[in-house]
1. Using only Cα atoms, tell me the angle between helix B:423-434 and the longest principal axis of chain B; keep it within 0 to 90° and round to the nearest 10.
2. What's the angle, to the nearest 10 degrees (0 to 90), between helix B:470-481's Cα axis and the longest principal axis of chain B?
3. Counting other beta carbons within 10 Å of each residue's own, what order do A:W71, B:W258 fall into, fewest first?
4. Taking Cα atoms, how many degrees apart are the long axis of helix B:550-568 and the longest axis of chain B, rounded to 10 and kept between 0 and 90?
5. May I ask which residue of B:G155, B:H548, A:A11 lies farthest towards the positive end of the charge dipole of the protein assembly as shown, with charges of +1 (Lys, Arg) and -1 (Asp, Glu) on Cβ and the Cα centre as origin?
6. Quick check: convex hull over the Cα atoms of the range B:317-438, volume per residue in Å³, rounded to an integer?
7. Where in the range B:348-439 are there chymotrypsin sites (Phe, Trp or Tyr not before Pro) that are in a DSSP coil and have at most 16 other Cβ atoms within 10 angstrom of their Cβ?
8. Averaged across the residues of A:67-80, what count of C-beta atoms belonging to other chains lies within 10 Å of each residue's C-beta?
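Nothing in this text is a laboratory measurement; each read-out follows from the coordinates by a stated rule. This one's a predicted model, so the numbers in the text were calculated from it and none came from an experiment. Using ideal geometry, Cβ is built from the backbone for each residue, glycine included, and neighbour counts are taken over all protein chains shown.
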Amino acid sequence: MAKRNQYKYNAKMHKLPLSTNVIGLLLLSVAGVLGYCVFDAQCNTLGNEIRRKEVEKRNLENEYLREEARWNASKTPAKLEEALIAHGLVMQYPKEEQLVRMDRKGRPVQGQLSIAKFHRNPQGTDPIAKHK
Amino acid sequence: MTQGGRVDFHSFWKRAVSFGKSFEGRLLFVFLLLGLPFVREGWKLCSLHLGNHARISHTYKRTFIGMRGRIYDRNGTDHPMAVSLPIWEFFLDPQSVETNEKAAVVETIVTNLNQKSEWVLEQFQRTGRGSRHIKLGRSQDSRIHAALTAFRGIGADEIIIRQYPYGRRMSHVLGFVNRGGVGSSGIELALNTELSGAPGVIESEKDARRREIYSRRSTYAPPIPGHNVHLTLDLNIQSTVENVLKETVEKFTAIRGWCIVQKIKTGELLALATFPDFEPERYDEYTSDEWKNYALSSVYEPGSIMKSVTVSAFLNERLGNANTLINAEHGSWFYAGRPLRDHVTGYISVATALKKSSNVATAKMALQLGNGRLYAYLRAYNFGSKFSIGLEGEERGILAPPARWSKLSPTRISIGQGVAVTGLQMVSAYSALANEGKMMRPYLVDRIISANGEVIRQNRPEVIGRPVRPEVARQVCDMLTGVTESGGTGKRASVSGYSVAGKTGTAQKAVRGGYSQTDYYASFVGFVPASDPVFTVLVTVERPRPQHTGGYVSAPAFAKIATEVAQYLEIPPDEPDEITEKWEVEDDPL
């Protein structure tokens, strides 16, 4: 009797106000809403990341253009002249006597090669041509 | 609850109250109380994400500038002559600067943007309109950007500017873009459509903080950069030409000068220069006259350099040959009641007439040709027409039809008076003579390439006419080599190691009512090497003083340019200099 009364009491105290179906439906809805919120938050995070990367890409592209412009500006003829002067270099086309003339078949004109060699080695350690 | 179909509210109410007082009832009440906000939030969430909010503006739109295309010279991408560059334009909001950072801000601005400290300090005292957005200067250095924007009160706007890394080089050909980014001169204008990029756009929605909601992005079109233009001009040759031109114009205190270098076999222009030049980045500091490309748009009477055309026509019509004798009279010849002066006298050959530039002999050749044929040959050489080279401002020159010629006209037109030409027409005519009579279309743009490497347009050499037969052209070329020899008018145009064929020209400047007695156009046009011509050079100087002849003013400039160009193009010399010193050669392996 006592057991039956205890059982009745427990059943009465622990009886759910709603049927399990309704509770299940509510729990499912809440889970769906929470899941939607979670995925939406993840999408937003990814979207922010994509936007951040897009901005970074544009910045890098612009930085590349600026670096390229800086490099081009450093090798203009005027800059090269400055660099040559700064290092004490003087560049010019060769003088007439430094040139070795070749004919159209690629052969040096008679005597020209010897003269060029002599000019490069005026001390005469290996003279090929002698000035008269 | 119902009695005979009617609802008994009294018993329903009693049962409800009883349920409410029970444990289950109280539990349900608490459950509903706690759950309702969740239901409300869930409903709101669904409404926000899935509902239609057309009446609230969440539109987000952002546009991106499509970079303008680049302009290169003929040497691939080594020499970008015009580029678009993103840089920062810094501004100051003095009221946002922290008081304890003011000194550091001033120093940073002075150091990095080359501003005077007095000026910067003045900006802090400014009030009224514009006092919260004061432009400080521009820089493309990211280190300067980092240094300046570290301070509150300094901001940076990213802008796109057009930069010309080589300054004044090719300024008349490149042109410039105006402050609105639209091409306004030169290639920038002529090919503005091709060079202009297309803007990119993002259309989306924004949140309460005005940030884009990426998942709501409906449109993303990336910006499309403009096409790149590759010119036929060579920067190194152009530099040589511009330097020599500047030196010549300044030496003879001339108004201006221009020079064209053309590749004979293809018609490509290797250099096209006018001096004085200008800086495209500061175009608004110059007058529109200084922007003008005189090599294309100056129309002037060419003088004696026209004689080669007359002689070629005379020979082509088989009216004579190089040795045909013509009476150059005695220093002056009256025709149609007007004297024609000449420094050559007696009977001279056609070859000598060209070498010594005889006015009378050439005029007589023109009379033998007749108006109709002379006009036809001038038109065959494209005088009086444009080449449509693609640059704005190209002129067609002035060549009246024979119906409007006077009796005197052929004697004057044949020696380069009474007809007005452009430098481009003159250089093309001589290139035709050097090219065995074939006239090539001159062109400046080699190809246009899209940003992804696709060839949009490719120009190729094109023969546009054959004014004279090949053997006639060769004959005239042989005669023209005499101009730079002893006795010729263009000795100063000789180039060491190379044979030169060319012609001097000294023409009085046309003024209202006649010709100036003090102002001349001094010209020299020629090609190198004469034995197998590769390039033609025309140099014209307007109003040189005190010397004014083509042989004295322009011929030396031609020689300097031709020497450097021949060496640069690695053309084998066809006239190696004689060895003047005595050498005893031993064991020469060759």
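1. Orientation of helix B:423-434: about 60 degrees from the principal axis.
2. 80
3. A:W71, B:W258
4. It works out to around 60 degrees.
5. A:A11
6. 113
7. Of the chymotrypsin sites (Phe, Trp or Tyr not before Pro), the ones in loops of the range B:348-439 whose Cβ has at most 16 other Cβ atoms within 10 Å are B:W405.
8. Partner Cβ neighbours, averaged per residue: 4.
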